[in-house]
Amino acid sequence: MSKNTVSDRFRKVDVDEYDENKFVDEEEGGENQLGPDEAEVDSLIRQGNLMGALQAVLKNPPINTKNQNVKDRAEGLVLKVLSSFKSTDIEKGVQSLDKNGVDLLMKYIYKGFEQPSENNSAVLLQWHEKALSAGGVGCIVRVLTARKTV
Amino acid sequence: MSYHSFLLEPISCHAWNKDRTQIALCPNNHEVHIYKKDGNNWSKIHVLKEHNGQVTGIDWAPESNRIVTCGTDRNAYVWTLKGDVWKPTLVILRINRAARCVKWSPKENKFAVGSGSRLISVCYFEQDNDWWVCKHIKKPIRSTILCLDWHPNNVLLAAGSCDFKCRIFSAYIKEVEEKPAPTAWGSKMPFGEVMFESTGTSGWVHGVCFSDSGNRVAWASHDSTVAVAEGGKTAVCASLTSETLPLLCVTFITENSLVAAGHDCYPVLFVYDSNKAALSFGGKLDVPKQSAQKGMTARERFQNLDKKATTDSKEAVLESVHKNSISQISILNGGKAQCAKFCTTGMDGGMAIWDVKSLESAMKDLKIV
């Protein structure tokens, strides 16, 4: 009996991994997704073409990839573009996006909320307000129910 | 349009009899109450007590006048009216989780039960043993089945599930019927065959509905989208993302128009254009109450600012007829081809009957094609 009570390593086993009924999401080839093009976005920001930068940064979202670095890099780029907008231009920026664009923007905004910092919270909240009036609560519901997100 | 508040508790599910004079509903407990319409009032005439768990699905077969109920106690009962009393017959579903939804087939010789056991039980009556027997459809369902609808050919069954997919299965039971003719969804239909599986929408599928011809199927999903698929060599799918909260139930009212309702507490119209394979928003179907616009006194404004921290003068009262989510919608008159009236019940314990003609005239720009 004393032999059995020595090790408690069994308590650290994740039993859910061994459940044969465990739901596994479908694998969709995401290895080619590299996220938005950093060089292109940077040059557009430097030129002052913020609308173009917004469109460019929302291209190629790293949704299916499992590479966390790609996702972090994409998020950083998006935040850079969002912070470089003037408050008065945010609404125009949101209007220039189509439905899928607004959904994607909302996904990035919520990703940004996950890591609040001094600089980005205020900016993100302003973008959130404008995106909400464009996409409605349905847009937020889609962020919450998305299985694969940025 | 009329609204009747039955109870304070949510109405879990409801079903109408053939001539729409009686409604069977579950008041969020283990019982089924049957109300009869007399004049403008509803009186409770029967209480069906047999389930040990909340009744999650009720369906009333119009021709044979039988009610089937299913509940969280993993059982289903078929009720037949003997004289003035409803007598239950237990149906063993062989499931180990709660049953979630039940539907009689169009010919009323079978019914299907969706459950949390990740399978659909298709039950039929075996004359020799005088007993209801069931067959299971298991593959490739990965999670709870939330909603079911039968195709008019009595064989195909659409099922919406928590594994984010809407599928059409064949529920062909050779003991009770002939081999079915080919349909838009395929020609070989052995039991359990998947004729169609949806892709593209994510989110639990809360409501599913076949159109009157059976060539189209619509489903409402938890990511605030509605989608329609049309059968053919390759099924054509059209989906629409909406700006509102998720919809819980959907039904066709003509071959091209759908009405759906959900957490936003009002029914919504969608129109499907098969030439463009596109779904579009048709309009909000609620009749707004004509509320008098009261001006706010300065005192009220400061009070609002103090109590609610808002300068908004809108009252915090829902303007829709239903005061809580609508969970089920059913067609009363006209069938799915030319619906004239439909009924909604919800979490506010109320039932509203909507008249399509008067809605069309009340809302400008509303066209039901």
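The values are calculated or read from the model by the stated rules, or taken from the named source; none is laboratory data. Remember, it's a predicted structure, so these values are computed and weren't measured experimentally. Neighbour counts are summed over all protein chains in view; Cβ atoms, including those assigned to glycine, are modelled from backbone coordinates with ideal geometry. To get the accessible areas, we keep the full protein, side chains included, count just its heavy atoms, and leave off ligands, DNA and RNA. Shrake-Rupley method; radii C 1.70, N 1.55, O 1.52, S 1.80 Å.
Which one of A:88, A:64, A:51 is farthest out on the positive end of the charge dipole of chain A, using unit charges on Cβ (Lys, Arg +1; Asp, Glu -1) and the Cα centre as origin?
A:88
Using the Karplus equation 6.51 cos²θ - 1.76 cosθ + 1.60 (θ = phi - 60°), what ³J(HN,Hα) coupling, rounded to whole Hz, does each residue of segment B:80-87 give in order, writing x for Gly and Pro?
Values, residue by residue: 10, 7, 10, x, 10, 10, 8, 9 Hz.
Scan segment B:157-194 for trypsin sites (Lys or Arg not before Pro) in coil per DSSP, keeping those whose Cβ has at most 16 other Cβ atoms within 10 Å, and list them by number. The partial results should precede the final answer.
Working: sites: B:165, B:167, B:174, B:188; in loops: B:165, B:174, B:188.
Qualifying residues, ordered by number: B:174, B:188.
So how much slack lies between residue A:72 and residue A:114, counting 0.36 nm per residue of separation and subtracting their Cα-Cα distance, in nm?
Numbers: separation 42, 0.36 × 42 = 15.12 nm, distance 1.19 nm.
That pair, residue A:72 and residue A:114, stretches by 13.9 nm at full extension.
How large, in Å, is segment B:221-261 by the Kirkwood hydrodynamic radius built from its alpha-carbon pairs? Display every interim value, and only then the final one.
Details: mean 1/r = 0.0895 Å⁻¹.
The Cα-based Kirkwood calculation yields 11.2 Å.
Roughly how crowded by other chains is peptide B:141-148, in terms of the mean Cβ count from those chains within 10 Å of each of its Cβ atoms? Numbers along the way, then the final one.
On the way: counts 0, 4, 2, 0, 0, 0, 0, 0.
Partner-chain Cβ atoms within 10 Å, mean over residues of B:141-148: 1.
Which of the GluC sites (Glu not before Pro) across segment B:1-108 are loop residues per DSSP, with 11 or fewer other Cβ within 10 Å?
B:63
Considering all projection directions equally, how large on average is the shadow of the alpha-carbon convex hull of chain A, in square nanometres?
Values: hull surface 52.4 nm².
Taking a quarter of the hull surface, the average projection is 13.1 nm².
Quick one: compute the contact order of chain A, relative version, from alpha carbon pairs under 8 angstrom and 6+ residues apart, as a percent. The partial results should precede the final answer.
Values: 141 pairs, mean separation 32.8, N = 150.
Contact order relative to length: 22 percent.
For segment B:13-291, state what percent of all Cα-Cα pairs lands in each successive 10 Å bin, counting from 0 Å until the bin that includes the largest distance.
Answer for segment B:13-291: a P(r) of 7, 29, 35, 23, 6, 0, 0 percent.
I'd like the mean, over residues of B:198-211, of how many other protein chain beta carbons sit within 10 Å of each residue's own Cβ.
1
Given a 1.4 Å probe and heavy atoms of the protein chains only, how would you sort B:198, B:12, largest accessible area at the top? Don't skip to the answer; put the middle values down first.
Numbers: B:198 0, B:12 30 Å².
The ranking, largest first, comes out as B:12, B:198.
Could you work out how far apart the two model spin labels at residue B:87 and residue B:20 are, taking each label as a point 7 Å from the Cα in the direction of the beta carbon, and quote it in nm?
3.2 nm
What accessible area, summed over both chains, is buried at the A-B interface (1.4 Å probe, Å², nearest 100)? Don't skip to the end; give the middle numbers.
Values: alone 10210 and 17580 Å², together 26510 Å².
Approximately 1300 Å², summed over both chains.
Report the semi-axes of the equivalent ellipsoid for segment B:31-78 in whole Å, largest first, where each axis is √(5λ) for an eigenvalue λ of the Cα gyration tensor. Could the numbers behind the result be given before it?
Numbers: eigenvalues 96, 38, 11 Å².
Sorted largest first and rounded, they come to 22, 14, 8 Å.
Using the per-residue mean of other Cβ atoms lying within 10 Å as a proxy for protection, in what order, highest first, do the peptides B:227-235, A:13-21 fall?
Numbers: B:227-235: 17.1, A:13-21: 7.2.
Ranking the peptides B:227-235, A:13-21 by packing returns B:227-235, A:13-21.
With N set to the residue count of segment B:1-106, report its C-alpha Rg divided by 2.2 N^0.38 Å to two decimal places. Write down the numbers at each step before the final one.
Values: Rg = 13.4 Å, N = 106, 2.2 N^0.38 = 12.9 Å.
My calculation over the Cα atoms of segment B:1-106 gives 1.04.
Identify the GluC sites (Glu not before Pro) of segment A:68-150 meeting these criteria: DSSP loop state and at most 16 other C-beta atoms within 10 Å of the C-beta. Please report the intermediate quantities before stating the final value.
On the way: sites: A:75, A:91, A:114, A:118, A:129; in loops: A:118.
Here the sparse-neighbourhood loop sites are A:118.
Taking 8 Å as the Cα distance limit and 6 or more residues as the minimum spacing, I'd like the relative contact order of segment B:238-283 as a percentage.
Working: 76 pairs, mean separation 14.3, N = 46.
That works out to 31 percent.
Translational D (Stokes-Einstein, µm²/s) of segment A:70-120 at 25 °C and 0.890 mPa s when Rh comes from the Kirkwood sum over C-alpha pairs? Each step should come with its number before you reach the end.
Numbers: Rh = 11.6 Å.
D, rounded to a whole number, is 211 µm²/s.
Nothing charged except the Cβ atoms of Lys and Arg (+1) and of Asp and Glu (-1): what's the magnitude of the dipole of the protein assembly as shown about its Cα centre? Round to the nearest 20 debye.
Numbers: 63 positive and 61 negative charges, 117 e Å.
Taking the Cα centre of the protein assembly as shown as origin, the dipole is about 560 debye.
What does the average come to when, for each residue of peptide A:128-139, you count the partner chain Cβ atoms lying within 10 Å of its Cβ? All intermediate terms of the calculation are to be shown ahead of the outcome.
Numbers: counts 0, 0, 0, 0, 1, 1, 1, 3, 6, 8, 11, 4.
Shielding by partners across A:128-139 averages 3.
With each run of n ≥ 4 DSSP H residues scored as -39500 (n - 2.57), what mean residue ellipticity at 222 nm is computed for the protein assembly as shown after dividing by its residue count and rounding to the nearest 500 deg cm²/dmol? Each step should come with its number before you reach the end.
Values: 8 runs with 100 residues, N = 519.
The helix-only estimate for the protein assembly as shown comes to -6000 deg cm²/dmol at 222 nm.
Thinking of the protein assembly as shown as a set of Cα atoms, what percent of all their pairs are more than 40 Å apart?
Details: 45143 of 134421 pairs.
Tail of the P(r) past 40 Å holds 34 percent of the pairs.
Below 8 Å, C-alpha to C-alpha, sequence gap of six or more: please give me the relative contact order for chain B in percent. Write down the numbers at each step before the final one.
Numbers: 970 pairs, mean separation 43.9, N = 369.
Relative contact order for chain B comes out at 12 percent.
Sort A:142, A:147 by accessible area with a 1.4 Å probe, largest first. Write down the numbers at each step before the final one.
Details: A:142 30, A:147 115 Å².
Ranked from most to least accessible, the order is A:147, A:142.
Compute a Gaussian network model of chain B, connecting alpha carbons closer than 10 Å, and tell me which residue from B:277, B:238, B:112 fluctuates the most.
Per the Cα network of chain B with a 10 Å cutoff, B:277 tops the list.
What does the charge count near residue B:228 come to, summing +1 for each Lys or Arg and -1 for each Asp or Glu among other residues with Cβ under 14 Å from its Cβ? Walk me through the numbers on the way to the answer.
Details: positive: B:216, B:276, B:336; negative: B:149, B:212, B:230, B:255, B:273.
Within the 14 Å Cβ shell, the charges total -2.
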